[in-house]
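Presented below is the structure to which this report refers.
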Amino acid sequence: MSGSREDPSLPSFTLPESIPPIGHEEPDLAVAAPGASSAFRLDGARVSVHGTANGPVTDVWIDGTRVAAELDGWEGAVANTVTSPGRMRRERVGRVGSAEEVFLVPPSLPFAAFQWTGSGAAPLRLRAWPDAPGVRYRIEDRTLTLAADDSDRLLVVGLMSGSGQWTVQDHAEGDGVLLVANGSTAPRTLLLALGTPDALRTAMRSARLLATHEAPATTGPGVGTMRLRTGVRELDDAVAWMSGRLRHGVTGSGTRATPAPLDQRAWLWAGLAATATGDEESAERCASILERLAPDEEGALLAGSIGLATGKSGRAVTCAERLLDPELPPPAPHAPGAEMLRRLARHRLADALRYAAPEEVLSRLREEPVARGGVGLPTVGTPPPNPPSLESWIRSLVRDMRGRAVDREDVGRALRAWADTYTNIDAGWASWRSHVGEGLTNGHHGIAAWDGLDRAGPPAVTGLLLAGMAYGWLGSEPDAPVGRLRLAPRIPTHVTRFHVSGIPIGDARVALAYERTNGTYRFELEVERGRVPPLVAFEPTLGCRVERVRVDEAPADPEITLSGTGTTIRLQTPLDAKRRIEVDAR
């Protein structure tokens, strides 16, 4: 290891006597494919493993530090792969036999595990801590402990094998190289862990339960996050995978410690998606970043959206105080659509603060005269201004970007799919579904990747696609301060059924089921969890003429509006029990 030296004073760590085999857990989310040069990325909250499906692991990152590179241990070609959010299993076939490799990233622990089983083993090779200066190391038994001059953490590399032995060698490029000569057909398990000595000992002990960590690494996000079920597996799996990718890309090892200003709008897209799908932790992380990058419109829009979704006003109060500070310097020249964004952000803040701020503050945010009773009065002689909406802003962005470079990029494509759900739901659904499906199975960024697999910033395209689903065709607009949830699904003509769970409103989660049979549209609404039943303003848009509407089998008289996008039905109902709404078409 060039530039490194042995240091017997470093602490030693003990591996468990045995580690269970992994790779046999049946995954909830998986993409199976022949071995190819597609990129892959496995994510945990603290670990990210990058590589190519038919080649070596190129990088292992733990808590923002690249701890290993060029990990490979078998000869022969990769025949097939099965990739899940935190695990990849692949089979190799070569001259001397076949082998199975499993790469595993536990969801929350600071270590990665790699396991090899079968014949045809080649020397296990990896570069440990390739970017660290002044690396010191200690080899003892089956572990290698490394320390670096620029870090107060230690890296432990452990090998479980009957005849494995570490050999540390110099490398021409000055990077660390570890070689393990081992021709045994017995399973070999390699562990990589980074942290303080106490954290590393915990990680080593937890390796005994490696199989237990495997199950959550192959599933989507946990309870409380929005899920879609249409019966089309690649679509449903993609939404679950995007939610996990969004969470890890925002809160975990996939982001820089110091975000770049160019990431500003990407943090907004990711934050809006996290808010709409019920991932409050990720939404708060995005809002914190935007406070540093964009303490104006983008930050205000996200803060207001979080307040409306959760009912928590603290961040919105801080943001409003900053926006209304008389010492605040004048804003920079606005880009196209910026005036609409400014009004939208301020109105969202005011709505989120309707019970947490004085009327004078709300009026200044809405730029309207102070009114009694919380209702803004228009200026004499002028019509009342149209309140800005997320729909109008998204549509204006798509108009403004036409002909520009972004129009041809993935971000532009995802924005257009979102905007189309407001004006042409069939075209918008087709565009959105195509984009989502391609990213899962054969996206040019890699397996289950809607954004690049590098670590440059938050997953903007993933955020746009999730936000387009929640705000666009589902029409979810929570108003937690008053306990009301607006759902305005726009139903594509060829979609006959779907089920959406985990729609957030305060601390509650709501589910919506839809089915169409023989000219009857059926919707079921119910609260999955929550202390206080919300009031639901239900406004579906259907591609038909409406003959009659029933709520829980009783005739109803909702407001019905015809437009170029179809027929919109408007009714309100408290969700204190499951509600069934049936619409008969003419």
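The values are calculated or read from the model by the stated rules, or taken from the named source; none is laboratory data. Note that the structure is predicted; figures quoted are calculated from it, not measured. Methodologically, a virtual Cβ is constructed for each residue, glycine included, from the backbone with ideal geometry; neighbour enumeration extends over all protein chains shown. The accessibility values were calculated without ligands, DNA or RNA, using every heavy atom of the protein model including side chains. Shrake-Rupley method; radii C 1.70, N 1.55, O 1.52, S 1.80 Å.
Figures for the structure shown
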item: Karplus 3J(HN,Hα) series, Hz, for the stretch 95-105 with 6.51 cos²θ - 1.76 cosθ + 1.60 (x for Gly, Pro); result: 5, 10, x, 10, 8, 10, 10, 10, 10, 10, 10
item: Distance in nm between pseudo-label sites at Glu75 and Ala577 (7 Å out along the Cβ direction from Cα); result: 7.2
item: Accessible area expressed per residue, the chain, with surrounding protein chains retained (probe 1.4 Å, Å²); result: 41
item: Sorted peptide list for 274-282, 527-535, criterion being average Cβ within 10 angstrom, highest first; result: 274-282, 527-535
item: Label-to-label distance, nm, for residues given as Glu367 and Glu321 (7 Å Cα→Cβ offset); result: 2.5
item: Estimated vicinal HN-Hα couplings, Hz - the stretch 306-318 in sequence order (Karplus 6.51, -1.76, 1.60; Gly, Pro = x); result: 5, x, 5, 7, 9, x, 8, 9, x, 5, 5, 4, 4
item: Beta bridges by DSSP in the chain, antiparallel share as percent, to the nearest 5; result: 95
item: Protein accessible area in the stretch 1-47, 1.4 Å probe - carbon and sulfur %; result: 46
item: Helix-only [θ]222 nm of the chain, DSSP H runs n ≥ 4, -39500 (n - 2.57) each, per residue, nearest 500; result: -8500 deg cm²/dmol
item: Degrees between helix 390-401 axis and first principal axis of the chain (Cα, 0 to 90, nearest 10); result: 70
item: Probe 1.4 Å - accessible area at Asp325, Å² to nearest ten; result: 70
item: Ranked by how many other beta carbons lie within 10 Å on average, peptides 310-317, 153-160 from highest; result: 153-160, 310-317
item: Separation in nanometres of the label points that stand 7 Å from Cα toward Cβ, at Thr496 and His444; result: 3.6
item: At q = 0.15, 0.21, 0.24 Å⁻¹, base-10 log of I(q)/I(0) for the stretch 450-548 (Debye sum, equal scatterers on each alpha carbon); result: -0.70, -1.08, -1.24
item: Cβ crowding within 10 Å averaged over residues, with 432-444, 105-117 ranked highest first; result: 105-117, 432-444
item: Rel. contact order, % - alpha carbon contacts under 8 angstrom, at least six apart, the chain; result: 12
item: Kirkwood-Stokes translational diffusion coefficient of the chain, alpha-carbon pairs, 20 °C, 1.002 mPa s, µm²/s; result: 82
item: For the stretch 5-27 versus the stretch 89-103, the gap between their alpha-carbon centres in whole angstrom; result: 22
item: J(HN,Hα) series, the stretch 8-20, from Karplus relation 6.51 cos²θ - 1.76 cosθ + 1.60, nearest Hz, glycine and proline x; result: x, 7, 5, x, 10, 10, 10, 7, x, 5, 8, 10, x
item: Amide H partners (placed H, <5 Å) of Val536, local residues excluded; result: Leu485, Thr573, Leu575
item: Residue (of Tyr422, Gly244, Leu268) at the positive-pole extreme of the chain, dipole from beta-carbon charges; result: Tyr422
